[in-house]
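The values are calculated or read from the model by the stated rules, or taken from the named source; none is laboratory data. Please read all numbers here as calculations on a predicted model, not as lab measurements. Quick reminder, even Gly has a Cβ in these numbers, built from the backbone with ideal geometry, and neighbours come from all protein chains shown. Remember, those area values only see protein heavy atoms, side chains included, never the ligands or the DNA or RNA. Shrake-Rupley method; radii C 1.70, N 1.55, O 1.52, S 1.80 Å.
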Amino acid sequence: MEGLIPLVNRLQDAFAALGQNCLLDLPQIAVVGGQSAGKSSVLENCVSRDFLPRGSGIVTRRPLVLQLITAKTEYAEFLHCKGKKFTDFDEVRQEIEAETDRVTGMNKGISSIPINLRIYSPHVLSLTLIDLPGITKVPVGDQPADIEQQIRDMIMQFIARENCLILAVTPANTDLANSDALKLAKEVDPQGLRTIGVITKLDLMDEGTDAREILENKLLPLRRGYIGVVNRSQKDIDGKKDIKAALLAERKFFLSHPSYRHMADRMGTPYLQKVLNQQLTNHIRDTLPAFRSKLQSQLLSIEHEVEVYKNFRPEDPTRKTKALLQMVQQFSVDFEKRIEGSGDQVDTLELSGGAKINRIFHERFPFELVKMEFNEKELRREISYAIKNIHGIRQVLPCLFTPDMAFEAIVKKQIVKLKGPCLKSVDLVMQELINTVKKCTKKLATYPRLCEETERIVASYIREREEKTKDQMLLLIDIQVSYINTNHEDFIGFANAQQRSSQVNKSAVGNQVIRKGWLTINNIGIMKGGSKEYWFVLTAESLSWYKDDEVRNQR
């Protein structure tokens, strides 16, 4: 396990040399805190050397990747000064200031380009820390007005990564609830799983107060807890007080303070170093499988790209034409695969391409049809007006069925309403085809002009097809409107309606007796005059009457 931290250090150096900004989300510890929170003092205590720039305002204006390596001799190296060893740590401070000014200028501006510093010493444990600019509120000098947002964005760029542990430095003489460092950490790590709290300036708290509840992880609990440290005061720094003497004073403070005496073995800079070394080593070990898998995936992707371009010959005069044809052909194959659903890479996050078009046809279009407004009261009113308008000046007689002309007028009006959902479905399909084209042209991003022209030509062709598709669709609807086939088997005409009604009644009621009793028939002149009483039986299918109630002689 001892080789894990040096392994990550080599990867960080490799990315920095390539100009890449750690695309693989390397396991690391980022130091976050407000201005004058004591971040620099904590780091210097870990190294046992004064080597960081100091002053008013923003001093750390670029991320400092600080790699501490246990060694027999003590010296420092910068990645941008290969081969040069710094044994005087005042020169290290001057080089950090010079390299910062070289990129950011003299106006106190900031930059996200890191400075890589490696320190070899017998007084350190193997550890890698990233010192980030202190959180500020008010711009000073020539700093831009949005300097606070710039610093915040830079810090979030590092601590938002899942593989980054957060070392949140907070002074004890301020309200912990208002800590800028803990506030930022809470945004990206709400459960407090990746955050390590460091409480500084414990010796500067008001008399009668202490940070015991904080250090015991009771007030704002963190999974990895809090560690208290006591840094040198500004007077000690100006007086060049030795850091080793400061560490002894720190140890004495915790052993003698009544509130911290019981936890003195878990406080102080040496304990902080030990904990950070263990935490980082364990963190690298835990994240190594996923990290390795991601690294292999990217390696395979790059090897695939190399395989695609390895046959290109710079000296071949036709290479440009060949390359162009290959890329256009690849675009065509990718587009077809996305529509047919046989793509090499299956999207598990959302529907796209042919699958989304299929959904439009089978889900969205039927939904749009069902969603069409249908007001029965309004339809009845339209039918009434249509019937009256068909008759004109003639009297409208009560009838069971709607006249043919009125029926056709109402039905045609309903059929025309299908145009809206149909045209909307065409628009949705067209939009998905355009989106598919844009996704397929991403592989041509290396050649912006080719990418732009390919997208423009294919999109314009799709839009031409769109107009013809809409014309054809409107023609099909007009065909349906022009002739209504009432003899079609699905159409319920008079005969079918009567037959279906009879079948329904039979199945539901059967030949049940509805009513029976005596019935007097008057004015039966053709039946020898006068009136006569008969026994009648009314069933669901017939009306019968008889001479008497014994139902013998049926008439």
(message) Being open to solvent by less than 70 Å² (accessible area, probe 1.4 Å) and under 30 Å from residue 173 (Cα atoms) narrows it down to one residue among 232, 266; which is it?
(response) 232
(message) I'd like to know if region 313-325 contains one or more residues that are acidic (Asp, Glu) and in a helix (DSSP H, G or I).
(response) no
(message) Just to be sure I understand, how many residues within region 59-111 are over 24 Å from residue 10 (Cβ atoms) and β-branched (Val, Ile, Thr)?
(response) 5
(message) Checking residue 86 against (1) open to solvent by less than 10 Å² (accessible area, probe 1.4 Å); (2) over 37 Å from the mean Cα position of the chain (by Cα); (3) at pLDDT below 90: exactly one of these is not met. Which one?
(response) (3)
(request) Confirm whether residue 151 is β-branched (Val, Ile, Thr), under 16 Å from residue 35 (Cα atoms) and at pLDDT below 85. (result) no
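Evaluate region 190-205: report whether one residue or more is assigned to a helix (DSSP H, G or I) and basic (Lys, Arg).
Step one: list which residues in region 190-205 are assigned to a helix (DSSP H, G or I), which gives 202-204.
Right, trim to basic (Lys, Arg) and you get none.
There is no residue in region 190-205 that is assigned to a helix (DSSP H, G or I) and basic (Lys, Arg).
When you scan region 105-188 for strands (runs of 3 or more DSSP E) that lie fully inside it, which ones turn up with 1 or more residues that are out of contact with any Cys (no Cβ under 7 Å at 6 or more places or on another chain), touching a residue at least 24 places away in the same chain (Cβ under 8 Å) and open to solvent by 10 Å² or more (accessible area, probe 1.4 Å)? Steps first, please.
Values: elements: 115-121, 127-131, 164-171.
Because the criterion is at least 1 residues that are out of contact with any Cys (no Cβ under 7 Å at 6 or more places or on another chain), touching a residue at least 24 places away in the same chain (Cβ under 8 Å) and open to solvent by 10 Å² or more (accessible area, probe 1.4 Å), the strands (runs of 3 or more DSSP E) in region 105-188 that meet it are 115-121, 164-171.
Could you tell me which of the residues 232, 194, 212 is out of contact with any His (no Cβ under 8 Å at 6 or more places or on another chain) and farther than 23 Å from residue 264 by Cβ? Write out each step before concluding.
Numbers: 232 fails: farther than 23 Å from residue 264 by Cβ; 212 fails: farther than 23 Å from residue 264 by Cβ.
On inspection, the qualifying residue turns out to be 194.
Based on this model, can you work out whether residue 65 counts as assigned by the TED database to the domain that holds residue 134 and farther than 28 Å from residue 277 by Cα? Walk me through it before giving the result.
Working: assigned by the TED database to the domain that holds residue 134: yes; farther than 28 Å from residue 277 by Cα: no.
No: the conditions fail for residue 65.
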(request) Quickly run through region 202-225 and pick out the residues that are open to solvent by 60 Å² or more (accessible area, probe 1.4 Å) and either within 26 Å of residue 137 (Cα to Cα) or in contact (Cβ under 8 Å) with a residue 40 or more places away in the chain (or both). (result) 203, 204, 206, 210, 212, 219, 220, 224
(request) Report yes if residue 97 is open to solvent by 10 Å² or more (accessible area, probe 1.4 Å) and in a strand (DSSP E or B), otherwise no. (result) no
(message) When you scan region 240-262, do you find a residue that is in contact with an Asp or Glu (Cβ under 6 Å, 6 or more places away or on another chain), over 21 Å from residue 167 (Cβ atoms) and part of a loop (DSSP other than H, G, I, E, B), even just one?
(response) yes
